[in-house]
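Worksheet: one structure, shown below.
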Amino acid sequence: MSEAFRGEFTQKVDGKARVSIPAAFRRVLEAGDPDATRKRIVIVYGDERRKFAECYTVAGAQRLEAMIRKLPLGSMQRRLLERNMVTLSVTLEIDDDGRIVLPPKVREKTGLSSEAGEAVFAGALDTFQLWKSETYEAEIRRAAEEELAALPADMDILSLLGGDVPEV
C-alpha cells in the first residue's frame, strides 16, 4: 500500500510567496516522483467552485491524466476535465529547503499571498488540498456540520465503509 497524505498542517507564506511543504507530505511527493533529481509537485487550480488548490504527486497526476485519456476525444466530459485538471495546473520543483513558490494563479485561486500569512495543507489520501487558513477553518467546519447532519445521529461513520471496516 502506498503512502498517503494524512493530517493538516499550517505553514507561513513568506514575502516572496514561498511556503514550506510539510515534511510528511514531502516524503509522499518524493515517493511519487522517484526518478526526478529535484522533486516536483503538481498543483491543480481549476474548477471555480473549489476554494482550494488540489495537489498531486507526479505519479498521481499521471494516473489522473490516464483516466482522462480514456474518455472520448471531443466529449464534454473530457474537455471539462482537460481544462480544469490539466490546463489549469502547474508543475513546480521543490527547492532544497522543501519549499515552493506559489504562482500567481494559485495565489489568486486560494486567496493566499505574502500578506495572507498562513496556508493550510490538508491531507486527502492520494492528494492534498492547499487552502488559505481562514477559508479552510470556516469551510471545514461548515462541511462537517452539513455532512454529519445528513447521517442518523447514532450512526458510526466507519459504517460508511461497509464490510471493509479496519480492525483495531
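Every read-out reported here was derived from the displayed coordinates using simple, explicitly stated rules and does not represent laboratory data. Quick caveat, the model's predicted, so the values are computed rather than measured. We place every Cβ from the backbone using ideal geometry, glycine too, and count neighbours over all the protein chains shown.
Structure notes:
- Across the options Ala144, Leu88, Trp131, the greatest Cα extent toward the positive end of the charge dipole of the chain (unit charges at beta carbon of Lys, Arg, Asp, Glu) belongs to Leu88.
- 3J(HN,Hα) couplings calculated from phi for segment 71-87 with the Karplus curve 6.51 cos²θ - 1.76 cosθ + 1.60 (θ = phi - 60°) are, in sequence order, 6, x, 3, x, 6, 4, 4, 5, 4, 4, 5, 4, 5, 7, 10, 10, 4 Hz; Gly and Pro show x.
- Whole-Hz ³J(HN,Hα) from phi, Karplus 6.51 cos²θ - 1.76 cosθ + 1.60, for segment 10-18, glycine and proline x: 9, 10, 6, 9, 8, x, 9, 6, 8
- Magnitude of the charge dipole for the chain, about its Cα centre and with charges confined to Cβ atoms of Lys, Arg (+1) and Asp, Glu (-1), is about 860 debye.
- Computed from point charges on the beta carbon alone (+1 for Lys and Arg, -1 for Asp and Glu), the dipole magnitude for segment 12-89 about its Cα centre is near 120 Debye.
- For q = 0.11, 0.15, 0.16, 0.18 Å⁻¹, Debye-computed log10 I/I(0) when each Cα of segment 8-152 counts as one equal scatterer: -0.44, -0.79, -0.89, -1.08
- Here segment 8-80 was treated as a single set of alpha-carbon atoms; its pair distances binned every 10 Å from 0 give 16, 37, 32, 13, 1 percent.
- In terms of the mean number of neighbouring beta-carbon atoms within 10 Å, the peptides 123-130, 136-143 order highest first as 123-130, 136-143.
- Evaluating 6.51 cos²θ - 1.76 cosθ + 1.60 at θ = phi - 60° for every residue in segment 57-69, the Karplus couplings come out as 6, 4, 4, x, 5, 5, 5, 4, 4, 5, 5, 5, 4 Hz, glycine and proline recorded as x.
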